[in-house]
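Novice: Next up is a structure, given as C-alpha cells.
Read-outs: derived from the displayed coordinates by stated rules, not from any lab. Not measured: the values here are computed from a predicted model. Glycine gets a Cβ as well: all are built from the backbone with ideal geometry, and neighbour counts include every protein chain shown.
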Amino acid sequence: MRSFLRVVRDVALLLSRILMGVVLLAHGWHRWQVMGIAKEVSLLDGAGIGNATTIVWIVVGFEIVGGILLVFGLATPLVGLGIVVLNLATIVLLRSEEFYAHEQGWEYNAVQAAVGLLLLAHGSGRAGLDNLFLRPQHDGDELIVDESDADRIHPQAF
C-alpha cells in the first residue's frame, strides 16, 4: 500500500509541477510579449510600488525561467519558494481588497502560493530531474522487492 501511495504522490507532484510550470511560463511570456513591460510597469506605478521596472523584469524572468525549471523538475523547492513569495507579495500589495480573481481578488494567487508551498515541501518527486542530483539518503525505492521477501510475495519469481 505504501508503494502505491508513493507512486500516487509522485504522479501528483509530476502533474502539479508541470501544470504550474506551464502556467508560470505562460504568464511570464504574456507579461513580456503581449502586455509589454511598459504596461506592467505602469500597473505597479499606479499601485504606488517603487522600483517598478526592476520588479517587473525580476517577476518576468522568474516566471519564464522558473516555469522552464519546473517543467523539467529542476530546483523545484527553490522555485516553489519563489512562487510563494511572489504570490503572497501580490496578495498583500495588489489584491487584498477582493476575494475573487474576476474582481481583481486574491484567490487565484492564494492557490498558486499553496501549490508553491507543496513544491517547496515535497520537491519534484521521483519523476523530476532534481531526483538525480538531490535524492535524500533516507529515500528508499519501495518499488524494488527485497530478495529476502521475494519468496513470500512470489514464490516462483526467484
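Novice: What full-extension length gain, to one decimal in nm, is calculated for Q104 and L14 as 0.36 nm per residue of separation minus the Cα-Cα distance?
Specialist: Stretched fully, the Q104-L14 segment lengthens by 29.4 nm.
Novice: How charged is the neighbourhood of A47? Take every other residue with its Cβ under 14 Å from the Cβ of A47, and add Lys/Arg as +1 and Asp/Glu as -1.
Specialist: Surrounding charge for A47 is -1.
Novice: Regarding region 25-99, what's the average projected area of the Cα-atom convex hull, expressed in nm²?
Specialist: 5.2 nm²
Novice: Oh, and also: If R0 is 22 Å, what FRET efficiency do you get for K39 and L94 from their C-beta distance, rounded to 0.05?
Specialist: Between K39 and L94 the formula returns 0.90.
Novice: Please sort 110-117, 90-97 by packing, taking for each peptide the average over its residues of neighbouring beta carbons within 10 angstrom, highest first.
Specialist: My ranking of the peptides, most packed first, is 110-117, 90-97.
Novice: Can you give the Rg to Rh ratio of region 73-127, both from alpha-carbon atoms, with Rh computed by the Kirkwood formula?
Specialist: With Rg and the Kirkwood Rh in hand, the quotient comes to 1.09.
Novice: Starting with the fewest neighbours, write out L70, L78 ranked by other beta-carbon atoms found within 10 Å of each beta-carbon.
Specialist: If I rank by nearby Cβ atoms, fewest first, I get L78, L70.
Novice: Here's another thing I want to ask about it. Using the Karplus equation 6.51 cos²θ - 1.76 cosθ + 1.60 (θ = phi - 60°), what ³J(HN,Hα) coupling, rounded to whole Hz, does each residue of region 72-87 give in order, writing x for Gly and Pro?
Specialist: 8, x, 10, 6, 4, x, 5, 5, x, 4, x, 5, 4, 4, 4, 6
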